[in-house]
Amino acid sequence: MFPADPPALRAAARAAHAPDDVLALLDRLPDAEYLNVAEVWQAVGGGIESKRW
């Protein structure tokens, strides 16, 4: 599925019956090509782990 742009991510999420709150997050994505889910998560404001265990 990756790389993907916001319209492709939203289409995949809708096809997977993602909840409305997930679709709303995808609607806020800046127009870019995302290489993986971590890039998408960061773009919607999700945190990135800096320390493990």
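Once the Cα atoms are used to define both axes, helix 6-15 deviates from the longest principal axis of the chain by about 70 degrees. Note on the chain: with charges restricted to the Cβ of Lys and Arg (+1) and Asp and Glu (-1), its dipole about the Cα centre is near 200 debye.
Return the sequence-ordered ³J(HN,Hα) values of the range 21-33 in whole Hz as given by the Karplus equation 6.51 cos²θ - 1.76 cosθ + 1.60 applied to θ = phi - 60°, using x for Gly and Pro. Using θ = phi - 60°, the values come out as 5, 5, 4, 5, 4, 5, 5, 8, 4, x, 5, 6, 9 Hz.
Only sites in a loop by DSSP and with at most 16 other Cβ atoms within 10 Å count here; which trypsin sites (Lys or Arg not before Pro) in the chain make the cut? Here the trypsin sites (Lys or Arg not before Pro) that fit, given the DSSP loop and packing criteria, are R28, K51, R52. Calculated from the structure, Rg and Dmax of the Cα atoms in Å equals which of (i) 11.4, 33; (ii) 11.6, 36; (iii) 12.6, 37? Derived directly from the coordinates: (ii).
The GluC sites (Glu not before Pro) of the chain that DSSP puts in a loop, and whose beta carbon has at most 14 other beta carbons within 10 Å, are E33, E49.
For Y34, the residues 5 or more places off, or on other chains, whose built amide H falls under 5 Å of its own are A4, D5.
Each reported figure results from applying straightforward, stated rules to the coordinates on display, with no laboratory input. Here the structure is a predicted model, which is why all the values come from computation and not from measurement. Using ideal geometry, Cβ is built from the backbone for each residue, glycine included, and neighbour counts are taken over all protein chains shown.
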